[in-house]
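K.L.:
Questions regarding the structure given below will be posed in turn.
The values are calculated or read from the model by the stated rules, or taken from the named source; none is laboratory data. As the structure is a prediction and not an experimental result, all values here were calculated from the model. Cβ placement follows ideal geometry from the backbone for every residue including glycine, while neighbour counts extend to all protein chains displayed.
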Amino acid sequence: MGWTHSASAVLASFLASLVEFVEALTIVLAVGVTRGWRSAIAGALLGAALLTVLVAIFGTSLQLVPIRELQFFVGLLLLVFGMRWLSKAILRASGVLGLHDETKIFARQTEALRLSGEFRNIAIDGVGFITSFKAVVIEGTEVVFIVIAVGATGHMLLPASLGALAAGLLVVLLGLVLHKPLARIPENTLKFSVGVLLSAFGVFWIGEGLHLPRFGEDWVVVGLIICFGSTALGAVRIIKHRAAFQRGLSK
């Protein structure tokens, strides 16, 4: 496979992981502040270890499936993931849905943890450990599917995994330095970009699985990214224009 596949795989995996890890970090920080940092870090590390094992097991086993069937199945999976992320990003960018506010989420999680029972200064707090573990596993499971799907079809599991690992390390380092939610990261822009990339990958692999002819070899992926991106941006403009028009009629 060409450099376009490797670069796109790393980028899609990195951006998708960045979004999910930022959300997980918000919860882990809330656990650390309210229930103790030992519990928060221990739960997060165990969750990360579990996700690593899942990638190693299922990523390797998928390569035993015949390549054409695998490409078609993974293409459908990526297209579903991509369109779900992209549709929500379009609605948030156009103002139909509210944007995520990590600071508010942090405040809600902190208050909920304070009300979940008395915290005792012990080695590992059960509530904090489980909450941190669940946050990493739940937010990271979607990343695992994306990493496996992006990497398995083109034998790019290592580049996709490296993209996710880089995102995880970046979020951890920022969390250690800042000790607060990463509210300034443009989460919706990231989800918009990931949705475009995954949707483009999905269509490409569906075409590969169906033996559809393609022109331009690996550059087809770039063309699909441009098509999905421009269509999504156009949809945002249309929704905003329609909303403004309806507001004008209501006055």
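K.L.:
Considering only residues that are surrounded by fewer than 17 Cβ atoms within 10 Å (Cβ to Cβ), over 20 Å from Arg84 (Cβ atoms) and at pLDDT 80 or above, which ones fall in the range 134-164? Spell out the reasoning first.
P.N.:
Step one: filter the range 134-164 for residues surrounded by fewer than 17 Cβ atoms within 10 Å (Cβ to Cβ), giving 134, 138, 141-142, 155, 158.
Checking which are over 20 Å from Arg84 (Cβ atoms) leaves us with 134, 155, 158.
Scanning the range 134-164 gives a single hit, Lys134.
Table: residues versus (1) modelled with pLDDT of 85 or more; (2) of a type in the set (D, E, K, R); (3) closer than 30 Å to Gly95 by Cα.
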| site | (1), (2), (3) |
| --- | --- |
| Ala166 | yes, no, no |
| Thr189 | no, no, yes |
| Leu210 | no, no, no |
| Pro213 | no, no, no |
| Val221 | no, no, yes |
| Ala243 | no, no, yes |
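K.L.:
Among the numbered criteria (1) at pLDDT 75 or above; (2) not in a helix (DSSP H, G or I), which single criterion is violated by Leu182?
P.N.:
Against the list (1) at pLDDT 75 or above; (2) not in a helix (DSSP H, G or I), Leu182 comes up short only on (1).
K.L.:
I'm checking my understanding of the structure. Among residues of the range 27-52 that are modelled with pLDDT of 80 or more and among the polar types (S, T, N, Q), which one is farthest from Leu170 (Cα to Cα)?
P.N.:
Looking at the filtered set, the residue picked out is Ser39.
K.L.:
Same structure, new question: I need the full set of residues from the range 71-121 which are modelled with pLDDT under 85, of a type in the set (A, V, I, L, M) and outside any loop (DSSP other than H, G, I, E, B), in order please.
P.N.:
Within the range 71-121, Val74, Leu77, Leu78, Ile105, Ala107, Ala112, Leu113 qualify.
K.L.:
Next question, about the same structure. Working carefully through the options Ser199, Ser193, find the one that is surrounded by 14 or more Cβ atoms within 10 Å (Cβ to Cβ), modelled with pLDDT of 80 or more and closer than 14 Å to Val19 by Cβ. Working first, answer last.
P.N.:
Details: Ser199 fails: closer than 14 Å to Val19 by Cβ.
The match here is Ser193.
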